[in-house]
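The values are calculated or read from the model by the stated rules, or taken from the named source; none is laboratory data. Not measured: the values here are computed from a predicted model. Glycine gets a Cβ as well: all are built from the backbone with ideal geometry, and neighbour counts include every protein chain shown. For the accessible areas, the whole protein counts, side chains as well, though only heavy atoms, and no ligand, DNA or RNA atoms are used. Shrake-Rupley method; radii C 1.70, N 1.55, O 1.52, S 1.80 Å.
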Amino acid sequence: MAPEVPRGHSPSAPGEFEIIRDFFQRQSADADVLLGIGDDAALLQVSGSIAVATDTLVAGVHFLTGMSPARLAQRALAVNLSDMAAMGAQPRWFTLALTLPNADVDWLSAFSMSLHASAGEYQMTLVGGDLTRGPLTITLQLIGTVPAELALRRDGARSGDLVFVTGTVGDAAGGLRLLQQQVECDDRASANELVDRFECPTPRVSAGIALRGIASAAIDISDGLSADLARLCAASGCGARVDMAKLPISDALQACFGKDASIEMAMTGGDDYELLFTAAPAERERVITALSLLDVTAECIGECIAGNAVNIHNNGRYISDAKPGYTHF
Ligand SMILES: [Mg+2]
């Protein structure tokens with residue numbers, strides 16, 4: 001960790017080394033962590049290929065500033081785990097670069113406890129990081145393992161492959177609209193479900209691993225189904241046809257927003273962190289079986305076609321080309 005010390009306003013606020021020791025350093029049961037937090041770098045033992053991914057969450061950009069530190073930790077880990085899931089990788093280790101406005105002990109305690117709890121659910125170990133003072137920003141880097149020949153890549157889809165999506169889509173976009181108070185929903189249970197889906201997405205880690213050797217290509221939905229499908233298609237050199245009538249939409253989303261808005265959010269809303277993947281038609285049964293063993297649903301929403309366009313259909317009738325989803329620039 002670099003020697004920048006985020007001190008709070010109180011003279012008793014902990015410095016960087018106390019923060020690391022008290023909140024982030026833990027004994028690891030992982031024998032492949034030869035050296036963890038405390039030296040200039042971690043030493044990790046690996047055989048085969050590793051998958052590495054990083055993602056930053058900035059206050060006010062990726063999450064609303066009032067979000068609880070416990071939920072924030074869970075979300076930061078989940079969005080990064082989703083990238084491991086999209087590669088079919090087994091997540092193993094992570095580093096944390098944390099920028100904080102001040103060393104608030106209550107915040108650090110809630111954040112770090114939640115982070116360790118979430119990491120434990122996936123048998124992950126925090127092996128290093130960095131601490132800086134500034135506007136609240138959380139960057140995680142995850143390291144996972146996957147045999148290179150079994151990794152789920154974006155570039156393996158072929159014309160004729162089926163397009164699948166796990167879970168339901170559009171929920172996170174609905175949750176965000178509710179949090180931003182763009183809309184009111186009297187159905188509190190449904191509204192809470194959507195907010196939970198935005199704040200604490202479920203990364204499809206075991207689904208990704210189960211799809212090794214079955215899926216021809218995969219990506220996780222971070223910026224919206226249509227945008228992420230367009231990325232997968234561009235990498236694979238094919239187009240796709242998606243039928244809106246087949247999109248898996250939750251009862252909660254329909255209850256709060258009605259059918260038309262739900263479909264719009266399912267197509268273009270980001271932050272769902274579901275897996276969007278393709279498989280040869282002959283693999284349809286294996287896809288459904290492999291995922292149902294994990295209690296994960298997968299819906300076939302269309303197919304890959306020649307060309308490079310992503311066409312939207314409704315019950316077989318052409319509607320339009322897909323609109324792009326969220327981009328930062
Ligand atoms: Mg991704």
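Observations on the structure shown:
This table checks each residue for (1) modelled with pLDDT of 90 or more; (2) more than 16 Å from the ligand (Cβ to nearest atom); (3) open to solvent by 10 Å² or more (accessible area, probe 1.4 Å).
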site: L35; (1), (2), (3): yes, yes, yes
site: G48; (1), (2), (3): no, yes, yes
site: M67; (1), (2), (3): no, yes, yes
site: V79; (1), (2), (3): yes, no, no
site: A97; (1), (2), (3): yes, yes, yes
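- For region 230-240, a tally of residues being among the aliphatic types (A, V, I, L, M), in a helix (DSSP H, G or I) and either open to solvent by less than 10 Å² (accessible area, probe 1.4 Å) or touching a Gly at 6+ places or on another chain (Cβ under 7 Å) (or both) returns 1.
- Each residue in region 156-193 was checked for being among the basic types (K, R) and in a loop (DSSP other than H, G, I, E, B), and 1 pass.
- Qualifying residue in region 255-269 (condition: among the aromatic types (F, W, Y) and either on the phi > 0 side of the Ramachandran plot or within 16 Å of the ligand (Cβ to nearest atom) (or both)): no
- Any chance T137 is within 29 Å of G60 (Cβ to Cβ), within 16 Å of the ligand (Cβ to nearest atom) and surrounded by fewer than 20 Cβ atoms within 10 Å (Cβ to Cβ): no
- Selection of region 84-93 for residues being buried (at least 24 other Cβ atoms within 10 Å of the Cβ) and either near the ligand (Cβ under 9 Å from one of its atoms) or not in a loop (DSSP other than H, G, I, E, B) (or both) yields M84, A85, A86, M87, P91, W93.
- Criterion (touching a Gly at 6+ places or on another chain (Cβ under 9 Å), within 16 Å of the ligand (Cβ to nearest atom) and either modelled with pLDDT under 95 or not assigned by TED's automatic domain parsing to the domain that holds M87 (or both)) met by exactly one of D220, D243: D220
- Candidates A306, A227, A282, A255 - the one that is in contact (Cβ under 8 Å) with a residue 60 or more places away in the chain and surrounded by fewer than 16 Cβ atoms within 10 Å (Cβ to Cβ): A306
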